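Everything on this sheet refers to the single structure shown next.
The values are calculated or read from the model by the stated rules, or taken from the named source; none is laboratory data. These numbers come from a predicted model, not from an experiment. Surface areas here come from the heavy atoms of the whole protein model, side chains and all, with no ligands, DNA or RNA. Shrake-Rupley method; radii C 1.70, N 1.55, O 1.52, S 1.80 Å.
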Amino acid sequence: MEADEMMKGSSLVGEEQRTQAGGIGDIHGNEEHEDLAKETDGEGRAAAGLVSSPSGAAHSTAGAQDRMAGAMGFRLGASPLRFFVFLLLLFLLVWVPTARGQPARRSRRQLGLRKLGGSLGTTLGSTGYSRAGQPQVLRGGGGSDICKSQPLDLVFIIDSSRSVRPREFTKVKSFVTKIIDSLDIGATATRVALVNYASTVKIEFNLQTYSDKASVKRAVSRVIPLSTGTMSGLAIQTAMDEAFTVEAGARTASFNIPKVAIMVTDGRPQDQAEEVAAQARAAGIEIYAVGVDRADMQSLRTIASEPLDDHVFYVETYGVIEKVTSRFRETFCALDQCALGTHQCEHVCVSDGGGAHHCECSQGYTLNEDQKTCSPIDKCALNTHGCEHICVRDRAGAYHCECYEGYILNEDKKTCSAQDKCALGTHECEHICVSDRAGAHHCECYEGYVLNRDKKTCSAQNQCALGTHRCEHLCMSDGPGAYHCECRPGYHLNEDGRSCAAIQEAQRLVSTEDACGCEATLAFQEKVTSRLQRLSAKLDDILEKLQINDLRQVRR
């Protein structure tokens with residue numbers, strides 16, 4: 001009797017498996033029926049022992065049946081007929097489908113991860129982002145991630161209807177938290193909001209509510225399920241009208257920050273989600289749809305953005321939803337080509353963020369039309385050198401600044417400051433340096449010298465001969481450029497060394513008391529004069545005779 005009951009139980013289990021594989025994928029009309037079907041489905045999977053691969057499923061089923069056979073053999077004891085019937089049942093359930101070249105039938109909720117259409121393609125539709133099959137996180141010499149997430153306005157829309165059990169809802173929150181962990185969170189980086197929905201919709205926190213990763217994760221951990229119902233359209237409408245607004249923290253179009261929504265659901269929408277999703281996509285919101293368990297795949301496809309292969313995901317159970325996290329990490333990952341050295345910039349690579357970069361050139365070079373290579377430029381000729389006074393070209397693309405005479409170059413190597421060369425002794429004047437203004441001067445010469453054409457050296461001059469001596473009576477030259485003044489008899493030189501004054505004492509010496517002396521002098525002068533006159537008459541006679549002698553010689 002016990003053996004009959006066990007065989008009956010085994011048949012019921014197999015029947016339940018077949019029923020689940022063929023029918024539970026159909027979505028029922030109301031939420032309570034859907035929740036009931038899900039509970040039945042969970043019990044069926046527990047009984048059937050399904051795993052994530054076809055071969056795994058077969059081995060698991062065979063193992064379970066072997067254990068059942070062992071137990072049955074123990075109970076049947078000396079009943080070989082019943083034992084043979086049980087083995088025949090196992091043969092029909094397991095070996096026959098496998099022998100036909102087909103694995104044991106898998107339900108659509110088979111454990112594992114798959115995505116409609118094939119492999120993940122380019123992410124977010126932007127260049128410079130990682131692709132499937134490539135390393136998504138690269139490490140530099142210092143061990144830091146070269147893969148960085150680009151700034152986003154990201155809103156999670158999560159289904160918390162009654163069909164999502166408390167333990168499963170915890171898995172959803174863990175999934176959201178792990179995606180957040182892979183992002184750069186901040187006011188100028190990625191901002192995160194969360195919309196919780198069932199038959200009603202609740203914005204748990206907005207994009208501007210938190211600006212650090214720890215606070216966002218704590219807020220996610222505090223989210224609790226709502227109620228029955230799956231109003232997906234209403235949730236998308238709320239996200240579009242309230243969460244993705246500037247007032248709620250979304251950035252304006254001028255910032256060029258992508259607006260992204262990630263919806264997680266395990267049921268069929270009970271409202272017009274397709275029309276609302278189309279409006280959201282038209283408003284520039286990129287929608288990713290993650291379906292779990294009994295989620296309606298056609299509804300997910302009508303909600304998500306194009307291409308569907310990159311925006312629709314499906315997992316069999318909430319227990320493996322975290323497998324999708326790596327896909328989103330790849331999706332939001334931008335490779336820093338400057339750090340990788342794959343930028344092709346000839347001179348300098350500048351990271352712009354989000355996987356983008358641009359090339360720049362070293363000083364004295366200009367970027368060519370290819371936006372990668374550089375050509376030298378003559379900044380002196382283009383007057384783009386920044387020198388305050390003089391630009392001097394050194395070589396192709398290089399130059400240095402200099403200053404006008406009387407100025408020195410400042411520490412910035414471009415501007416100039418005036419200097420007093422007369423005070424510094426760097427004037428090059430031979431005689432005298434005269435400061436005119438800041439940084440300017442001229443040369444002069446000592447008295448008796450004139451400035452040469454070079455405006456620096458001096459030459460001596462005879463001021464007595466030139467009449468520029470300013471002596472009142474007599475100028476006496478003492479050598480090149482030098483002289484002194486003297487006075488005529490009866491005068492003496494004043495203290496200025498130039499003017500003269502009459503001597504009063506000389507007039508006093510000529511008096512009657514010296515008259516005899518004066519007469520003797522006059523007599524001597526007359527005597528000398530008489531002799532000179534006689535000598536002059538003799539000279540005239542001699543000259544006359546010489547002239548007559550010359551005439552005679554001429555006549556002969």
For this session: Please list the radius of gyration and Dmax for the range 244-327, considering alpha-carbon atoms only, with Å as the unit.
Result: 13.8, 41
Exercise. Over 32 Å between Cα atoms, which of Lys202/Lys323; Lys414/Lys455; Lys178/Lys372; Lys217/Lys372 qualify?
Worked result: Lys178/Lys372; Lys217/Lys372
For this session: Ratio to report: Rg/Rh of the range 336-382, with Cα atoms as the point set and Rh obtained by the Kirkwood method; give two decimals.
Result: 1.06
Problem set entry | the range 341-387 and the range 147-203: distance between their alpha carbon centers, rounded to Å | 42
Seminar exercise, completed: Given 10 °C, 1.306 mPa s and a Kirkwood radius over Cα pairs, the Stokes-Einstein diffusion coefficient of the range 420-460 in µm²/s is 155
Problem set entry | Which of Asp540, Asp310 is most accessible, then next, and so on - probe 1.4 Å | Asp540, Asp310
